[in-house]
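Peer 1: Let me begin by handing over the structure; questions about it come next.
The numbers here are math on the coordinates, done by the rules we state, and not lab data. Owing to the predicted nature of the structure, the values given are computational and were not obtained by experimental measurement. Cβ atoms come from the backbone with ideal geometry, glycine included; neighbour counts cover every protein chain shown.
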Ligand SMILES: Nc1ncnc2c1ncn2[C@@H]1O[C@H](COP(=O)(O)OP(=O)(O)OP(=O)(O)O)[C@@H](O)[C@H]1O
């Protein structure tokens, strides 16, 4: 059942910037949905409208069937964690967490029990007396998360919560947050422009562009079956090759790939891991560079007209710069007029 329902929500800022454009989304109970998109695509604005920090110009937001579109943040059953954790530096960790519960006039022993339980949950048991500046960046972000969770919101809103942390810590925290989210079964909306973060954490990903949805799907589907060239180019590495289809064959320079669609221009999409190479002279392409990553190799290739494409190979030592190769795609998709028009079944 959907808990959060966003219907035709828009935000137009002064000066006529359309940040969010008639956006709709249903989020199911206990689901974690990532809003993923390039800078300026409207992710934060949308999240802030759900949290009550930005007023929609149009549309309706409901939680559990109740309209909250114009309620102030503290009247909503939402908890938001921002990129910069915005903890109160003059209070210790316990007081940071207890503050919201005190406003709700809970008895002191209940506040203590709840705060200690949530500190345990985020791996900070025993840190209650620490001042926040005595904590590392990762610990501060855990406190920010705990401060939201202790109020038991129906919807957790996370706005790039790991952006200020280093790569290693970011990976660890995203696993922890996903574990906590699944344990609590808390419905979560998560903003990121990191595709790894979205692919590894989300139940579903909303790929946003110019304030609109480009695609909503499970992470593996978004990766395997992008519906538009934008999503294909945005998620993972993709060779997007423009060419022409004639009599069921895609043609770009000396590249020929069977493609059973009507004649006309098309964009062929091939993941590097779906592009096998066979040594051939002169061949369809020439090896520009071979990079050996230990577990696999990446071969940069030039088509005769200079277009650069990539192939992932398991034996990089078989290839060297300057060598000619034929290209043998094992899985392809094709786009025309910004829509997917073909996908092979492999
Ligand atoms: N307060 C504001 N006043 C005017 N324009 C704004 C305001 N906040 C955001 N915008 C504009 O709205 C658009 C969407 O911004 P938003 O921050 O939602 O994007 P984003 O996808 O979250 O980007 P980022 O990943 O960089 O945070 C941008 O064009 C931005 O410049």
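Peer 1: Among 287, 278, 150, rank each residue by its count of other Cβ atoms within 10 Å, from fewest to most, as a rough exposure measure.
Peer 2: Numbers: 287 20, 278 11, 150 24.
Fewest-to-most Cβ neighbours within 10 Å comes out as 278, 287, 150.
Peer 1: So, in nm, how far is label residue 17 from label residue 84 when the simple model puts each one 7 Å beyond its Cα toward the Cβ?
Peer 2: 1.7 nm
Peer 1: Working from Cα positions, state the angle (0 to 90°, nearest 10) between the long axis of helix 137-149 and the longest principal axis of the chain.
Peer 2: 60 degrees
Peer 1: Expressed as an acute angle from 0 to 90° and rounded to the nearest 10, what is the orientation of the C-alpha long axis of helix 93-103 relative to the principal long axis of the chain?
Peer 2: It works out to around 70 degrees.
Peer 1: At 222 nm, what helix-only mean residue ellipticity would the chain give, in deg cm²/dmol to the nearest 500, using -39500 (n - 2.57) for each DSSP H run of four or more?
Peer 2: Numbers: 8 runs with 84 residues, N = 346.
Mean residue ellipticity, 222 nm, calculated: -7000 deg cm²/dmol.
Peer 1: Hey, what's the Cα Rg ratio for the chain versus the globular rule of thumb, 2.2 N^0.38 Å?
Peer 2: 1.21
Peer 1: Can you pull the percent of Cα pairs in the range 237-343 with separation above 16 Å?
Peer 2: Result for the distance tail: 55 percent.
Peer 1: Over the chain, with a Gaussian network built from C-alpha contacts below 10 Å, which listed residue (220, 305, 159) shows the highest mean-square fluctuation?
Peer 2: Answer for the Gaussian network model of the chain: 305.
Peer 1: For the residues 104, 178, what sequence is obtained by ranking on other C-beta atoms within 10 Å, fewest first? Each step should come with its number before you reach the end.
Peer 2: On the way: 104 9, 178 16.
Ranked by crowding around the Cβ, least crowded first: 104, 178.
Peer 1: Also, I was wondering about something else. Would you calculate the separation in nanometres between label points at residue 278 and residue 102, each defined as 7 Å from the Cα along the Cα-to-beta-carbon direction?
Peer 2: Result for the modelled spin labels: 7.5 nm.
Peer 1: Using r as the Cβ-Cβ distance of residue 295 and residue 178, and R0 as 22 Å, what FRET efficiency do you calculate, to the nearest 0.05?
Peer 2: Computed FRET efficiency for residue 295 and residue 178: 0.35.
Peer 1: Between the helical axis of 167-184 and the dominant principal axis of the chain, each derived from Cα atoms, what acute angle in degrees is found, rounded to the nearest 10?
Peer 2: 60 degrees
Peer 1: On to the next question. Only counting other Cβ atoms within 10 Å, I'd like 10, 41, 164 sorted with the fewest neighbours first.
Peer 2: Going from sparsest to densest Cβ surroundings: 164, 10, 41.
Peer 1: Just for the chain, what percent of DSSP beta bridges are antiparallel, to the closest 5?
Peer 2: Close to 75 percent.
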